[in-house]
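This report refers to the structure that appears directly beneath it.
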Amino acid sequence: MFLKKASLLALGLAFFSCKGKVEVELADSTPLSKDAAGLSAGAQWAYEIEAGRLEKKIDSFESINKNVPLLPLSLVALEAGFPMTPVYPELEGFGSLDTSNIQGELLDTIKGFCHAVLDYSESFDKYEKYQAADAKKSEGEKTGDDEKSKESASSDDSSKVDAFFYEKTLFSLALFLADSREAGVLKSFVIGRPVVGEELMEVPVLWTGEKEILYSKLFPVQDGESWKIQQIEIYSSEEKDGSGKTDRN
């Protein structure tokens with residue numbers, strides 16, 4: 001019995017001893033919120049710019065009459081008053097049609113050359129067809145009308161196209177005109193966004209022919225005060241129905 005009482009007494013003393021230690025430790029510690037408040041009070045804050053910005057009620061804009069309610073349409077009208085980056089169309093597999101950095105005489109030269117190529121392609125096609133039909137007739141079958149047709153028939157003269165080309169590199173034009181015949185008569189062209197380097201400019205041009213679509217590159221060069229096409233190459237072609245694309249290089 002004595003031992004049991006002694007054990008209970010010892011347990012009680014131990015409990016009060018632990019409790020006292022915990023209370024002392026809690027008393028010495030500082031809650032986190034108190035630390036944060038102390039740091040905030042002692043901090044040097046920068047001057048707040050537009051302190052009332054969030055509380056301020058904005059019911060009008062400088063560019064819009066105050067009588068106009070602030071609806072989504074009003075905001076669209078506001079944005080319309082600022083310069084916007086233009087958006088240009090793109091052709092899949094070809095690229096952007098942005099020609100904004102080739103203006104003036106350079107663009108006129110490129111367009112003039114492309115139109116001259118279309119005219120030559122149609123003219124040469126008529127010339128070939130006439131030559132083929134004329135070759136099938138014997139001298140006895142030819143009539144006066146045939147002679148008149150011969151005089152008015154188109155020819156293979158490419159002088160109008162040559163005029164836009166750099167004289168020393170006309171061989172490049174000759175190769176292009178010969179290779180482009182596989183596409184049939186060229187009906188239209190599209191000029192793409194040029195790649196401008198320090199010493200070289202590359203202008204992509206897409207040609208649509210009766211049989212094929214041709215992907216080419218023009219390389220213009222300044223010749224004195226005017227511009228000329230220094231080189232042209234076909235780098236790819238595809239069937240009109242999109243059935244296949246061939247690398248020409």
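All of the numbers you see were taken from the coordinates with simple rules; none came from a lab. All of these numbers come straight from a predicted model, not from anything done at the bench. Here the Cβ is made from the backbone with ideal geometry for all residues, glycine too, and neighbour counts use every protein chain on show.
Taking Lys and Arg as +1 and Asp and Glu as -1, the other residues whose beta-carbon sits under 9 Å from that of SER96 total -1. Measuring from label point to label point, each 7 Å out along Cα→Cβ, what is the THR208 to ASP98 span in nm? In this crude label model, THR208 to ASP98 measures out at 2.4 nm. Residues of the stretch 182-218 with an amide N closer than 11 Å to a point placed 7 Å from the Cα of LYS111 along the Cα-to-Cβ direction: none. What separates the Cα centres of the stretch 110-135 and the stretch 162-216 is a distance of 15 Å. Placing a pseudo-label 7 Å from each Cα along the Cα-to-Cβ vector at ASP162 and ARG181 gives an inter-label distance of 1.7 nm. Could you tell me which GluC sites (Glu not before Pro) in the stretch 157-249 are loop residues by DSSP with no more than 11 other beta carbons within 10 angstrom of their beta carbon? The qualifying sites are GLU198, GLU199, GLU225. A cut-off under 9 angstrom between Cβ atoms defines the neighbours of GLN230, and their net charge, with Lys, Arg +1 and Asp, Glu -1, is +1. Label positions at ALA174 and GLN44, each projected 7 Å from the Cα along the C-beta direction, are separated by 8.3 nm.
Legend: residue pairs LYS168/LYS228; LYS126/LYS240; LYS136/LYS160, Cα-Cα distance threshold 19 Å; pairs beyond threshold, LYS126/LYS240; LYS136/LYS160.
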